[in-house]
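Let me begin by presenting the structure, written as structure tokens, before commenting on it.
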Amino acid sequence: MGDFVLIFQVLFLLTFSAICSGLNVGIMSLQPADLKRKAKLGDKRAKRVLPYRKNSHLTISGIVFTNVALISANALVIDTRLNGFAAGLLSTLLIVVFAEVLPQAWFSRYALSFCSRFAWLLRLMIIVSYPISKPLQILMDKILGHEQMLLHTRGELGILIGEHLLPGASELDEDEVEIMKGALSLSTKQVSSIMTPIEEVYWLTLNTLVDGGKINEIKANGWSRIPIFDMDEAKFHGILLMKDLVDVDFDEEPIYVEDLPLHKSAVVNGQTALDTMFRKFIAAKTHLIPVVINSKIIGIVTIEDLLEEILGHEIEDESDTSRNIQKNEAVHENAS
């Protein structure tokens, strides 16, 4: 009967000591910021654990004091049946294996689930050890201060998001991951890296005469917006919209560009970071903005260029497809 009682006492003390050890590692492996986000999303486990993790110094003190008391009691119980050396050796082996190594490895893997399940025990340990834990918490708060929120760098966020492409149960699909990675890289790139160089831009001057032939030329290129520059490409006058020309009969009455309605727009420096370009487009109220360096126009950037950079692939509309077909046919004819 005595051996049965001894085994029961040892198992009881080891079990609760293991829980304390696991909770100690588990609660500290959880980040307050992660718990806050999960709690806002309605995770009940995070809501239960968050108060204990926020007040970590008090929680740790309660856990450690309780665990030390359990370990000491376990050693005393074993010492009543064995001599000092044997009791110490057996107690150490039992505590290290079953009350430290195994529970810590187990709890750290499922930290949120275990900490949530034993939240009532955390509260009990804090209450029981409060006269000692509270002063220790105050001391640690003064010495160490409150824990600072850890924010990820842009590179770390990119790696974290990229990990969602690995085999697993991620809620994100490949397109969502690529869009987020593209958005994160915007601040490291400049407008000049995505613009259309001025040599490839279709543009007109104020002195250009718009007649039936010019309209056919514009339609053949498929542009809906045409920038208006000076001949030396040093000044931007505005944007000509094709939709404003629908009701005009240019065959009967050709008109110079300067007499047509032009939509004003700001210019942007070629070294502007891409993450600010959405605000630039909103402020300019246009989808096309000229790009300048040293007061000279070097190209244009469109909101489509910015979206393509985020998506990671080119967006082709009907006019793009038509132009590509014409280019391929011309190449084929020249080859023949």
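Which residue is surrounded by the fewest Cβ atoms within 10 Å (Cβ to Cβ), if the candidates are limited to segment 239-255 and must be in contact with a strand residue (DSSP E or B) (Cβ under 9 Å, 6 or more places away or on another chain) and part of a helix (DSSP H, G or I)? Going through the qualifying residues, I end up with Asp244. How many of the residues in segment 256-268 are surrounded by fewer than 15 Cβ atoms within 10 Å (Cβ to Cβ) and assigned to a strand (DSSP E or B)? Residues flagged as surrounded by fewer than 15 Cβ atoms within 10 Å (Cβ to Cβ) and assigned to a strand (DSSP E or B) within segment 256-268 amount to 1.
Residue count for segment 279-306 under the criterion of being within 20 Å of Ser185 (Cα to Cα) and open to solvent by 70 Å² or more (accessible area, probe 1.4 Å): the result is 2. Looking across segment 1-41, the residues that are β-branched (Val, Ile, Thr) and in contact with a Leu (Cβ under 8 Å, 6 or more places away or on another chain) come down to Val10, Ile19, Ile27. Being under 18 Å from Ser61 (Cβ atoms) and in contact (Cβ under 8 Å) with a residue 24 or more places away in the chain is the filter here; which residues of segment 128-151 pass it? Residues satisfying the conditions are Val128, Ser129, Tyr130, Ile132, Ser133, Lys134, Leu136, Gln137, Met140, Asp141, Leu144, Glu147.
Pick out the one residue from Ile255, Ile198, Ile215, Ile228 that is in contact with a Leu (Cβ under 9 Å, 6 or more places away or on another chain) and touching a residue at least 40 places away in the same chain (Cβ under 8 Å). Going through Ile255, Ile198, Ile215, Ile228 in turn, the sole match is Ile255. Of the numbered criteria (1) within 21 Å of Ile303 (Cα to Cα); (2) surrounded by 13 or more Cβ atoms within 10 Å (Cβ to Cβ), the one Asp175 fails is (2). Residues that are among the basic types (Lys, Arg) and surrounded by 10 or more Cβ atoms within 10 Å (Cβ to Cβ) within segment 136-156 comprise just one, Arg154.
The values are calculated or read from the model by the stated rules, or taken from the named source; none is laboratory data. Please read all numbers here as calculations on a predicted model, not as lab measurements. All Cβ positions, glycine included, derive from the backbone under ideal geometry; neighbour counts span all protein chains shown. Just so you know, the surface numbers come from the protein's heavy atoms only, side chains and all, with ligands and any DNA or RNA stripped out. Shrake-Rupley method; radii C 1.70, N 1.55, O 1.52, S 1.80 Å.
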